1. Ranked from highest to lowest mean number of other Cβ atoms within 10 Å per residue, what is the order of the peptides 141-149, 309-317?
2. What FRET efficiency would be calculated for the residue pair E156, K251, taking the C-beta separation as r and a Förster radius of 25 Å, to the nearest 0.05?
3. Relative to the Cα centre, what is the charge dipole magnitude of the chain, using +1 at the beta carbon of each Lys and Arg, -1 at the beta carbon of each Asp and Glu, and rounding to the nearest 20 debye?
4. Given points 7 Å out from each Cα along the Cα-Cβ axis, report the L328 to K289 separation in nanometres with one decimal.
5. If I build a Gaussian network model for the chain, linking alpha-carbon pairs within less than 10 angstrom, which residue out of P176, P75, P297 has the largest mean-square fluctuation?
6. Considering the chain, which cysteines have no disulfide-compatible partner, defined as another cysteine with its Cβ under 4.7 Å away?
7. Under a Cβ-Cβ cut-off of 15 Å, what is the net charge of the residues other than E250 that fall near it, where Lys and Arg count +1 and Asp and Glu count -1?
8. Relative to the Cα centre, what is the charge dipole magnitude of region 198-290, using +1 at the beta carbon of each Lys and Arg, -1 at the beta carbon of each Asp and Glu, and rounding to the nearest 20 debye?
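The values are calculated or read from the model by the stated rules, or taken from the named source; none is laboratory data. The model shown is predicted, which means the values in this text are computed figures rather than measured ones. Methodologically, a virtual Cβ is constructed for each residue, glycine included, from the backbone with ideal geometry; neighbour enumeration extends over all protein chains shown. Heavy atoms of the whole protein, side chains included, go into the accessibility calculation; ligands, DNA and RNA do not. Shrake-Rupley method; radii C 1.70, N 1.55, O 1.52, S 1.80 Å.
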Amino acid sequence: MSSSNPLLSGMQPTGPLHIGNYLGALKNWTSLQDEFDCSFFIADLHAMTIEYDPKDMPVYVNELALTYLAAGLDPEKCNIFIQSHVPEHSELAWIFNTIVPIGELERMTQYKDKSEQHKQNINAGLFTYPALMAADILMHKPVGVPVGEDQTQHVELARSIAKKFNKTFGKTFPEPKVILTPTPRVMSLVDPEKKMSKSKGEKHYIGMFEDPKSIRKKIMSAVTDSASGSKKMPAGVENLFTLLEACGAEKSLIATFMEQYNEKSLQYKDLKEATADTVIAMLKPIQEKRKQLESDPGYVADALLKGTTAAQAVAKETMKEVKEKCGLL
Ligand code: ADP
Ligand code: TRP
């Protein structure tokens, strides 16, 4: 571990994760924790920006903590904490709200998409979401933020907020870089021109804890034909190849399918069967680990306590520096 190169990332507790979340971010976190001083958190305050049932929140927070640990995050190697348990994040977000131009927030594609999806609830929190995300990030002064491609724009805004803060109040924050995986944008199974997302509905994604039968069924009915009729590989077929590779299929198997594709002899059924086998095999140990963890709630609680205590200490220190620089102390 190198404490001079911290990394930080988080996800919202809005329901079970899918393999897009895993291949685009979480899997990478489990490797990065071996090399860097990492903090990974549960963004419960961000999850409040869309309508939710308060009864579900603790269930989803626990679900995400279990998922992080089942995927291989190790509380001995990284800090895992809950965003709202470190209230300094909200305090710093307010300060960033006073320096981020409204125009920058209006450019955010996630804000545009979500206000389109949730027309009846376009709240101010949805709009200032990136200021809180910048606070989450910069509070811990990381050099990198491992996320999927759709979060790149938010991380760039955090960099621009850091620059503006430093210019106005004196050098305080680093300008962290986005860290992407080779699969930063896994596509939907039924609408392969769009990213795999939980907000689009069950058929579009494969949940990390879905049972093998259901995974196979979804992959076997994945869309493979090309809408455009162009010579390019259809997006759905490309997505299956991507999954096959990212989930750890033998290189020779992928090469054989690719050869068959080029010779126009590839049976999509075979490609789908192999993709299903590979996805199921990749998820098996994670699903088993989760079962173990479910029977040991003390382990999960201890992991969160350790991570939160460490995050609180960092946050106190950063806020003291920030407040001094802003003339609040
Ligand atoms: P969703 O769109 O399913 O609600 P989130 O926005 O909660 O997912 O994303 C959590 C993390 O997973 C982020 O780092 C995000 O960039 C990454 N991610 C989400 N969907 C994908 C995808 N289809 N491919 C790769 N990474 C993804
Ligand atoms: N916006 C991120 C997502 O939807 C979650 C998030 C909140 C985050 N704060 C963050 C990710 C800070 C990285 C760093 O997935």
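1. 141-149, 309-317
2. Working: r = 34 Å, r/R0 = 1.38.
After rounding, the FRET efficiency stands at 0.15.
3. It comes to approximately 600 debye.
4. 3.8 nm
5. P297
6. By the Cβ distance rule, which asks for a partner under 4.7 Å, the isolated cysteines are C247, C326.
7. Its environment carries a net charge of -4.
8. Roughly 380 debye, rounded to the nearest 20.
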